[in-house]
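Laboratory data are not the source of any read-out in this text; all were calculated from the coordinates shown. Because the structure is a prediction, the values reported are computed rather than measured. Positions of Cβ are generated from backbone atoms using ideal geometry, with glycine treated the same way; all protein chains shown enter the neighbour counts.
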Amino acid sequence: MSVARTAWLIARKDLRIEWKSRVITNQVVPFAGVTMVIFGFALDANTDVLELVAPGLVWLATMFSLLLLVQRNFSVEADDGALDAMRVAGVDARGIFFGKVIGLALQLLVLEVLLLFAAVVLYGETIRLDGAVLLVTTMISATCGLAAVGTLYGGLAAGSKGRETLLPLLTLPAVAPVLIGATRAVESALGTGVAELSDGWQWVSLLTVFAVAFGVGGSLAFGPLIDE
Amino acid sequence: MPPDADAVVDLHDVVATLGQFPALSGATMRVETGEIVLLRGPNGAGKTTLLRLCAGLVPVVRGTALVLGHDLSVDRDRVRSHVGLLGHQNGLYADLTVIENVRFWAATVGATDAEVASAMERMGVADRLASVSVSKLSAGQKRRTALAGLVARRARLWLLDEPHAGLDQRARDDLDNTLREAAAAGATVLVASHELDRAESLATRMVDIVAGRAESGGSR
């Protein structure tokens, strides 16, 4: 079976599991929403400040939610030994990696749209039409990078003792470039502060390079990692 | 003894370690097509390691290990697609239904819907159970669902670690019948079990694993 077909099989299975279990709608989305509200309280509900920092808060909430999604994504594999069973069955590790990246990325994209909406409602953020292409491109490239890192380290932590604490320790430092790049690019897209629209595209380039590097590197490293 | 390329499993003086611990220390064993071989031995003797080695999950440190004609030292990825390992876990997704689980495992080898239906029928998980979520199944029903996945995947070598654990009497009988049918249809079965009375009545041959070595335990 080709890598692409395997990836499609895994992604479809992951999305079906999430659709049935409703973990995203019942746990992750409320968690992300509460995080956004708490950020508001922490900044004293100052609308000027909140508008200024909204892009960063959206990506911070996304990253915290990423940890929940990755934990969930790999606990369904580890609970009854399904990941081991896939390796024994000779399922291509690159296909497993890309399938899980696709499933995770789609879940993250839905979450990011909701978080952006929350920023508009809670922080008074405005979305400019002329920045829409940059905004969408940023979300897609940043999401691919986050999903690749999350899947790689999720696979690594899945077989380890104390995986719940290991995953954030591994993942958060690795996704710091995405936090910085995506925040700057979204600031440009939304016209927050002094950011210019054209400034955002160089950050999108960085996000794309990051996503490709972790996508390619992750697909090569994933098999040996889960075999160990 | 030279390696036998026709044997399903042919191990010659195989050494394998788990970390620093020597789990197999010179195991030699040959298994032919259609056999049901019971691996006997105390805890820590190396039964599970031997099964996992045959599945390509434990590397061969020394010796020759051929499974389905492939040398595990150089070619273990090619072995994996023909092997079904059922250990202490079932490899099922609790949120999916029985048929969704079996379909998923069948799809990994491109099996058809007809093969899925046939496998589920053989394992007694078709009809009423097909649309039930795995999280709602009993231990025996989960085991049968996992076995349906192995059948649908057309595994040629079945590696079963304590397959009777957690099953009631009827489920054990069903499992034994299934294994006999699979062997009659050309599959080869290696079973590690502590439930010797039941497993000995199932097996066509016994192999004793003593301190990481395989010794002939006789035939039935």
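Figures for the structure shown
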| item | result |
| --- | --- |
| B:VAL132 long-range amide H proximity, modeled H, under 5 Å | B:VAL98, B:ILE99 |
| Simple spin-label estimate for B:VAL210 and A:VAL113 in nanometres, 7 Å along Cα-Cβ | 6.7 nm |
| Positive-pole candidate from B:THR188, A:ALA85, A:THR47, dipole of the protein assembly as shown, charges at beta carbon | B:THR188 |
| Long-range HN-HN contacts of B:ARG62 with modeled amide H, under 5 Å | B:VAL15 |
| Segment A:128-143 versus segment B:172-201: alpha-carbon centroid distance in Å | 58 Å |
| Mean-position separation - Cα centroids, segment B:82-111 and segment A:1-53, in angstrom | 28 Å |
| Estimated distance in nm for a label pair at A:VAL133 and B:GLU195, the labels positioned 7 Å out from Cα along Cα-to-Cβ | 6.7 nm |
| Dipole magnitude of segment B:9-219 about its Cα centre (Cβ charges: Lys, Arg +1; Asp, Glu -1), debye to nearest 20 | 260 debye |
| For residues of A:68-78, the mean tally of beta carbons on other chains within 10 Å | 1 |
| Order of B:ARG144, B:ARG103 under a 10 Å beta carbon neighbour criterion, fewest first | B:ARG103, B:ARG144 |
| Average silhouette area of segment B:9-219, convex hull of alpha-carbon atoms, in square nanometres | 11.0 nm² |
| Unit charges on C-beta of K, R, D, E only; dipole of segment A:3-227, Debye | 800 debye |
| Selection from A:LEU67, A:TRP8, A:VAL29 lying farthest towards where the dipole of segment A:1-76 points positive, charges on Cβ | A:TRP8 |
| Cut-off under 5 Å, modelled amide H: who pairs with B:VAL210 long-range | B:GLU215 |
| Backbone HN-Hα couplings from phi across segment A:5-12 [Karplus 6.51/-1.76/1.60, Hz, Gly and Pro as x] | 5, 4, 4, 5, 4, 5, 4, 4 |
| Length-normalised contact order for segment A:3-227 - Cα pairs under 8 Å, 6+ apart - percent | 27 percent |
| Estimated 222 nm signal from helices in chain B, with DSSP H stretches of n ≥ 4 weighted -39500 (n - 2.57), rounded to 500 | -10000 deg cm²/dmol |
| Listed residues A:LEU106, A:LEU116, A:ALA182: farthest to the positive end of the dipole of segment A:3-227 (Cβ charges) | A:LEU106 |
| Principal semi-axes in Å for the protein assembly as shown [√(5λ), Cα gyration tensor, largest first] | 50, 22, 18 |
| Largest-first principal axis extents of the Cα set of segment A:3-227 (Å) | 55, 32, 28 |
| Share of Cα-Cα pairs in segment B:1-60 lying beyond 14 Å, as whole percent | 57 percent |
| Integer Hz, Karplus 6.51/-1.76/1.60 couplings in order for segment A:141-156, x for Gly and Pro | 5, 5, 5, 4, x, 4, 5, 5, 5, x, 5, 4, 6, x, x, 5 |
| Residue range of chain A that is longest and free of trypsin sites (Lys or Arg not before Pro) which are both DSSP loop and sparsely packed (at most 16 other C-beta within 10 Å) | A:23-127 |
| R0 of 25 Å, Cβ-Cβ distance B:ARG62-B:GLU32: FRET efficiency to nearest 0.05 | 0.55 |
| In sequence order, calculated HN-Hα J values of segment A:177-192 (Karplus, 6.51, -1.76, 1.60; Hz; x Gly/Pro) | x, 5, 4, 5, x, 5, 5, 4, 5, 6, 4, 5, 5, 8, x, 6 |
| With eigenvalues of the C-alpha gyration tensor scaled by 5 and rooted, segment A:95-175, Å | 29, 15, 10 |
| Highest to lowest packing among B:156-162, B:134-140, A:189-195, scored as the average C-beta count within 10 Å | B:156-162, A:189-195, B:134-140 |
| Inter-site label distance for B:ASP75 and A:ALA78 at 7 Å from Cα along Cβ, in nm | 3.5 nm |
| Point-charge dipole on Cβ atoms (K/R +1, D/E -1) for the protein assembly as shown, about Cα centre, debye to 20 | 700 debye |
| Ranked A:ILE180, A:ILE226, criterion: other C-beta atoms within 10 Å, fewest first | A:ILE180, A:ILE226 |
| Helix-only CD estimate at 222 nm, as mean residue ellipticity for chain A, using -39500 (n - 2.57) per DSSP H run (n ≥ 4) | -28000 deg cm²/dmol |
